[in-house]
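Below is one structure, written out as structure tokens; comments come after it.
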Amino acid sequence: MRASQVREGFVLVNAMHITASVFINDNESGLHQDYEKWLEKLAPHEPVAGYRHNQTGEDNADAHMKRQIMGREVVVAITEGRLDFGPWERIFYGEFDGRRRKRVLVKIIGE
Amino acid sequence: MRASQVREGFVLVNAMHITASVFINDNESGLHQDYEKWLEKLAPHEPVAGYRHNQTGEDNADAHMKRQIMGREVVVAITEGRLDFGPWERIFYGEFDGRRRKRVLVKIIGE
Amino acid sequence: MRASQVREGFVLVNAMHITASVFINDNESGLHQDYEKWLEKLAPHEPVAGYRHNQTGEDNADAHMKRQIMGREVVVAITEGRLDFGPWERIFYGEFDGRRRKRVLVKIIGE
């Protein structure tokens, strides 16, 4: 962030893939396991044939659901050249399908 | 987007109505049917009397829930004058109530 | 908002704490009670031991889930010096844990 020379502005961080999420939460591994289990309950992978999307030859409809719950993007304030985070805020990338290499977009605006 | 003459910036696209969503996902009709069915399972319309909000004379409490899962807004980077999308990213408007004409706000900042 | 002298831009409003949300929806108390009940159904507090995160000594794993459904942040357009809201849009802070004093970040960019 310091490299961008933006002192006051916003940074947008988003998944570029539609079965993935960028989200902000706690850096605690137990919580991330809880998320996986919870998302599987809300949007189960099986039965694969239960989703119309999977008739296209994919089997990742559930991943498109999970991504909506966890979100596509975060916008974080930059103040005095730093990410203006609360005490426990960390940015994570969540991958719910996993077939392809994934990219994250980071874009900064400000001055 | 090219009409705005912004080369580097952000575009905000949001539903202006609180029973609707703007979201980014796949342009595949089966998936959109899956979303409808899935949202109905997570936030069922019936029984209408199961929601306090519906005591106000509305029957759309479920739509306010569905909209939270799918989200109000997206922020998309503009790079070299174009929406900086991943390969399958498309913006959609999701309407969960449908009583009124709905509007979307599009706001661009940058230079 | 008028105090900021920004006429055209974006305002970012986000929870600084990871068991809380900032969201936009209806200012109707019945609906907010519906949200509480609904979130408790999707991410129940009990059994506390059902979440790995709670092995850290916390008992708020469910609050981290609820916050993902309701969202961390909103970005609102500023047009002619005012929040460019739809007719019923209001910003709310949702607290799902409640142990600590919480803060909201408000950051404006534009000109």
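Key figures for this structure:
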| item | result |
| --- | --- |
| Leading residue at positive end of dipole, the stretch A:48-111 (Cβ point charges), from A:Y93, A:V48, A:L105 | A:V48 |
| D (Stokes-Einstein, µm²/s), Kirkwood Cα radius, chain B, 0.890 mPa s at 25 °C | 159 |
| Across the identical copies, how the A:P44 labels are spaced - nm, sorted shortest first, 7 Å along Cα→Cβ | 1.6, 1.6 |
| Per residue, in Å², the accessible surface of the stretch C:1-75 once ligands and nucleic acids are set aside, probe 1.4 Å | 39 |
| Whole-Hz couplings from phi, Karplus 6.51/-1.76/1.60, listed for the stretch B:56-69; x for Gly and Pro | 7, x, 8, 10, 10, 3, 4, 5, 5, 6, 4, 4, 5, 5 |
| Positions from the stretch C:77-111 whose accessible area shrinks by 30 Å² or more when the full protein complex is built, not the chain alone, probe 1.4 Å | C:A77, C:D84, C:P87, C:W88, C:E89, C:L105, C:K107, C:I109 |
| Label geometry 7 Å along the beta-carbon vector: C:V106 inter-copy distances in nm | 3.0, 3.0 |
| Exam field: B:D59 pseudo-label spacings to other copies (7 Å along Cα-Cβ), nanometres | 4.1, 4.1 |
| C:T56 accessible area, 1.4 Å probe, all protein chains in place, Å² to nearest 10 | 80 |
| Rounded Å value of the spacing that divides the Cα centres of the stretch A:11-62 and the stretch C:69-111 | 26 |
| Chain B: calculated mean residue ellipticity at 222 nm from DSSP helix runs of at least 4, using -39500 (n - 2.57) | -6500 deg cm²/dmol |
| Carbon + sulfur, % of accessible area of the protein assembly as shown - ligands and nucleic acids excluded, 1.4 Å | 48 |
| Listed residues A:E89, A:E80 arranged by accessible area, highest first, probe 1.4 Å | A:E80, A:E89 |
| log10 of Debye I(q)/I(0), alpha-carbon scatterers only, for the stretch A:1-42 at 0.21, 0.22 Å⁻¹ | -0.87, -0.90 |
| Percentage, to the nearest whole number, of Cα pairs in the stretch C:65-111 over 15 Å apart | 58 |
| Kirkwood hydrodynamic radius over Cα pairs of the protein assembly as shown, then Stokes diffusion coefficient at 20 °C and 1.002 mPa s, in µm²/s | 105 |
| Sequence of A:F85, C:F10 when ordered by accessible area, the most exposed leading, probe 1.4 angstrom | A:F85, C:F10 |
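The values are calculated or read from the model by the stated rules, or taken from the named source; none is laboratory data. A quick note: this is a predicted structure, and the numbers were derived from the prediction, not measured. Here the Cβ is made from the backbone with ideal geometry for all residues, glycine too, and neighbour counts use every protein chain on show. Calculation scope for accessible area: heavy atoms of the full protein, side chains included, ligands and nucleic acids excluded. Shrake-Rupley method; radii C 1.70, N 1.55, O 1.52, S 1.80 Å.
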